[in-house]
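This report concerns only the one structure given below.
The values are calculated or read from the model by the stated rules, or taken from the named source; none is laboratory data. None of these values were measured; they are calculated from a predicted model. Neighbour counts are summed over all protein chains in view; Cβ atoms, including those assigned to glycine, are modelled from backbone coordinates with ideal geometry. Note: accessible area is taken over every heavy atom of the protein model, side chains too, but ligands, DNA and RNA are not part of it. Shrake-Rupley method; radii C 1.70, N 1.55, O 1.52, S 1.80 Å.
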Amino acid sequence: MRWWDIDPVLELEKDLFPEDAWSRGMFWSELAHSRGPEATRRYVVAESDGRIVGYAGLVASGEQADVQTIAVARDQQGTGLGGRLLAELLRAATAFECHEVLLECRVDNIRAQKLYERFGFEPIGFRRGYYQPGNVDALVMRLTTASGSGSAAGSSPVQGTEIND
């Protein structure tokens, strides 16, 4: 993801997460930490026919990484794109030498939970009222190198969709 991707990413963000969409400043801040030798973030976009149809981001700190966001355009959901984005984040976590990856997922987002479980993530707890202003709880999930090594980063590509950093 580059600075010129922020506007189309924001459009997608507002469509998919109208109550708790990230702001322009949040994306700028994340991208500011995604380049150079001291980078601690990895943000990617997926494009199809010149249109951004998905994006994802991860932050690394020591041996732990956190999935910050994964989003797939409504017309692309169910195509495997979410899995490709997640696989790219897991490759980034490996490059950052992280041995554990955490994420939060809305408790009502069963589709996302099933995706994370397929990659080896396991539920470890809840964060009450995490998603505001809707006051929706988050399920906290974790993947460790012991339970997730190998296969997650090897997901097959989706035809016509390109992942770019």
Point to revise | Every residue from the stretch 42-92 that is touching a Cys at 6+ places or on another chain (Cβ under 7 Å) and surrounded by fewer than 17 Cβ atoms within 10 Å (Cβ to Cβ) | key: E63, Q64
Review point. Can you spot a residue in the stretch 25-39 that is at pLDDT below 95, touching a strand residue (DSSP E or B) at 6+ places or on another chain (Cβ under 7 Å), surrounded by fewer than 21 Cβ atoms within 10 Å (Cβ to Cβ) and part of a loop (DSSP other than H, G, I, E, B)?
Key: yes
Review point. A95 passes all but one of (1) modelled with pLDDT of 90 or more; (2) under 16 Å from A60 (Cβ atoms); (3) among the small types (G, A, S); (4) open to solvent by less than 60 Å² (accessible area, probe 1.4 Å); which number fails?
Key: (4)
Revision key, fill the gap. Taking the stretch 12-24 and the residues there that are touching a residue at least 24 places away in the same chain (Cβ under 8 Å) and assigned to a loop (DSSP other than H, G, I, E, B), the one that is farthest from A60 (Cα to Cα) would be E19
Review point. Name the pairs: first residue in the stretch 29-52 and at negative phi and polar (S, T, N, Q), second residue at pLDDT below 95 and open to solvent by 80 Å² or more (accessible area, probe 1.4 Å), Cβ to Cβ under 6 Å, at least 6 apart or on different chains?
Key: T40/H33
Practice item. Return a yes/no flag: does the stretch 4-11 have any residue that is within 24 Å of Q113 (Cβ to Cβ), of a type in the set (D, E, K, R) and in contact with a Phe, Trp or Tyr (Cβ under 9 Å, 6 or more places away or on another chain). Key: no
Point to revise | Flag if V45 is within 24 Å of N135 (Cα to Cα) and touching a strand residue (DSSP E or B) at 6+ places or on another chain (Cβ under 9 Å) | key: no
Exercise for review: Being polar (S, T, N, Q) and either open to solvent by less than 20 Å² (accessible area, probe 1.4 Å) or free of Cβ contacts under 8 Å to residues at least 60 places away in the same chain (or both) is the filter; apply it to the stretch 112-137 and report the residue that is farthest from I70 (Cα to Cα).
Suggested key: N135
